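First the structure, in the form of structure tokens, and then the observations on it.
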Number of protein chains: 2
Amino acid sequence: MTTTGARPPTPTLEQVAALAGVSRATVSRVINDSPRVSPAARDAVHAAVEALRYVPNRMARSLVTRRTDTIALVLSESNTQIFADPFFARIVRGLSARLADTELNLVLLAARGGREQEKVARYVQQGHVDGVILISLHRDDLLPDLLARSPVPLVLSGRPFDGRAVPYVDADNVGGAEAATTHLLQLGRSRIGTVAGPLDMVAGLDRLTGYRAALAAAGAPARPELVAEGDFTEAGGSRAMARLLSEVPDLDAVFVASDPMAVGALRVLRAAGRRVPDDVAVVGFDDAEVAASCDPPLTTVAQPLEEMTGALVDLLLEQIGSGGSAVEARLCGTALVRRASA
Amino acid sequence: MTTTGARPPTPTLEQVAALAGVSRATVSRVINDSPRVSPAARDAVHAAVEALRYVPNRMARSLVTRRTDTIALVLSESNTQIFADPFFARIVRGLSARLADTELNLVLLAARGGREQEKVARYVQQGHVDGVILISLHRDDLLPDLLARSPVPLVLSGRPFDGRAVPYVDADNVGGAEAATTHLLQLGRSRIGTVAGPLDMVAGLDRLTGYRAALAAAGAPARPELVAEGDFTEAGGSRAMARLLSEVPDLDAVFVASDPMAVGALRVLRAAGRRVPDDVAVVGFDDAEVAASCDPPLTTVAQPLEEMTGALVDLLLEQIGSGGSAVEARLCGTALVRRASA
DNA sequence: GCCGGGTGTGAGAGCGTTCTCACCGCGTCG
DNA sequence: CGACGCGGTGAGAACGCTCTCACACCCGGC
């Protein structure tokens, strides 16, 4: 079936003004509810808006206000696996909840690979958004550079790699990992491995650093075979765990740098006949939903995600408001959540 | 640390024109590479653009062209679990690949719950995008109505619930499910259950319809206890499979309406000591990546996702181009991919 | 040498808003 | 009774771009 019809012309302020018997300026005042309008005029305008189904044209408005009331969450990820991470879903949920009763809209931009990153950068530079939250950064990402070059306010989720002066919000990954590992040490474990996150991401790096710091503090020697790199996915966690197990059969504990990976690790441990936590104690990271429901329930490091998404928005709004570039970082504390796995 | 600096004023066409010693019109022509410009002028303009780091202001441009060169992928999902579905990730990948070498940008808008749906609808109506692709529709979704009301071109991913006249692209879910179930029948199985998708989504509904059709065609009675509803997630698949198994212990095959659910089902079957495919044959749906890598590799129904994302974009661009509303539907064939599980 | 037909260019009118002013009427104060 | 203040209003200039014209120029053909 195929029907064709012309696009109906959208009404303008001018027409609303004419119908309401007032000037453009007054209609504009009503739309932006300025207090200086008589009730009579206000009612007339509202009626006209209703009658014409008037919707303000954002382009025209933005052109003069220089604001779009839109902020972008940019994901810089070569594949699309980031979507699958519950961590990401919680960030999105947190951000949109935080923005729910503001005027601001949230759009997600996915940039896989160089070309798309440039496209995203162009999109941002052309003035489509008032600010950008950048997430899932890898070491060689172009996006921070591309975006820092433009005057659009920018906040990173996660400490920048090169210590550049950009506002960011991050969890205390080092501290959390350290606490997790220390907990394993206090359980009397001595052959503690780690399934690390991708080492081209700060979160992966920092959690490994925390693990090492805890071991070093306890005077334990650094054994490279105790470290297996994962990619924050369940499948990657399984692979890393399997490798760890094959290289260090007498492993008695493992700190896994994310809960999805920990789920994969648990599966491998079970398949290998290891009891958790009796034979091998496991601590995860994130306190994802799955941590409470897996078997056994996962002891894990919780990040205050609400606080973090709140801080991301606050920092960004601050920057947008001030029109300047206050470079501020916020580090959020983590907490060990004890369940059955360690 | 805190530094503050004013936002630098962005250069305008006017300034580029002045620097290049030409008029605004000529600069505009160069920017939009119109052929009618002398090489000399072109070079001068390019140099000036370079020197000033000029980036065109999209709002101003859109105001007159009435195009934004942006299309939105709108996810209507009350929770954010859709992100976790590999199906969704593939859609996003497909769409951005398809748009990679066009001028068009893709933005994702997540709408959970009524308020956010209205916010998204407002965003669209205000003219931020040239078109909308709507995905993950539930029965009582407001978004199709909200969006159909505005003049913005719209394409649905998935047949609309109420048979309304909206262009859409869908896989042949009924046919695929029928083929899957028929395959199980041909293996000689007689107690074939199904883990259905959510029944407030057409994909869930249609796949159940296909399953039933195949059984009916084979003269098998409809047994309601053979149907367990899942939610397209792995956990949901596990739960549904467990229920199926407890109610029909002598089950010898199951058609699972999505691969993530099938993975959950496989896990439960294994835990219950059932061998796959010997005791229970399993067919999934989607041909997700995980289908090839799980144990045993999953026989599943493949959807031509490339074709579907391509069709989504084509239909949308067609509508945008024509300025009208050609209501066209496209149904894409599915194919059974035989692996080890059935 | 004059005219037609390209080809490159610029002037200027929008696009639909917001926002700064100036203005008008009215009540209040000196 | 005139000056003043103030709430409500409208005229008109932006905002930065595109696009339609009209014009100036140069070529070849008669």
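The values are calculated or read from the model by the stated rules, or taken from the named source; none is laboratory data. This is a predicted model, so every value here is computed, not measured. Cβ placement follows ideal geometry from the backbone for every residue including glycine, while neighbour counts extend to all protein chains displayed. Protein only, heavy atoms only, side chains kept; ligands, DNA and RNA dropped before computing areas. Shrake-Rupley method; radii C 1.70, N 1.55, O 1.52, S 1.80 Å.
A quick yes/no check of all residues on (1) facing another protein chain (nearest Cβ under 7 Å); (2) in a helix (DSSP H, G or I):
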{"position": "A:82", "(1), (2)": "no, yes"}
{"position": "A:92", "(1), (2)": "yes, yes"}
{"position": "A:103", "(1), (2)": "no, no"}
{"position": "A:109", "(1), (2)": "yes, no"}
{"position": "A:119", "(1), (2)": "yes, yes"}
{"position": "A:122", "(1), (2)": "no, yes"}
{"position": "A:128", "(1), (2)": "yes, no"}
{"position": "A:133", "(1), (2)": "no, no"}
{"position": "A:147", "(1), (2)": "no, yes"}
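In the condition set (1) within 13 Å of DNA strand D (Cβ to nearest atom); (2) surrounded by 14 or more Cβ atoms within 10 Å (Cβ to Cβ), residue B:65 is compliant with all but (2).
Every condition in (1) open to solvent by less than 50 Å² (accessible area, probe 1.4 Å); (2) assigned to a helix (DSSP H, G or I); (3) not aromatic (Phe, Trp, Tyr) is met by residue A:321 except one, and the failing one is (1).
The set of residues in the range B:24-54 that are under 20 Å from residue B:10 (Cβ atoms), part of a loop (DSSP other than H, G, I, E, B) and within 11 Å of DNA strand D (Cβ to nearest atom) comprises B:32, B:54. Residues that are surrounded by 19 or more Cβ atoms within 10 Å (Cβ to Cβ) and of a type in the set (Ser, Thr, Tyr) within the range A:211-247 comprise A:211, A:233, A:238, listed in sequence order. Among the residues of the range A:70-103, the ones that are open to solvent by less than 30 Å² (accessible area, probe 1.4 Å) and touching a Ser or Thr at 6+ places or on another chain (Cβ under 8 Å) come to 11 in all.
Please go through the range B:50-64 and give me each residue that is in contact (Cβ under 8 Å) with a residue 24 or more places away in the chain and either within 9 Å of DNA strand C (Cβ to nearest atom) or within 13 Å of chain A (Cβ to nearest Cβ) (or both), ordered by number. Explain how you work it out, then say what you get.
Step one: filter the range B:50-64 for residues in contact (Cβ under 8 Å) with a residue 24 or more places away in the chain, giving B:51-57, B:62.
Hits for the range B:50-64 are B:53, B:54, B:55, B:56, B:57, B:62.
Scanning the range A:155-210 for residues that are over 23 Å from the mean Cα position of the chain (by Cα) and buried (at least 24 other Cβ atoms within 10 Å of the Cβ) returns A:181, A:184, A:192, A:193, A:194. Among the residues that make up the range A:318-334, is at least one of them in contact with a helix residue (DSSP H, G or I) (Cβ under 6 Å, 6 or more places away or on another chain), under 22 Å from residue B:84 (Cβ atoms) and away from chain B (no Cβ under 14 Å)? No, the range A:318-334 has no match at all.
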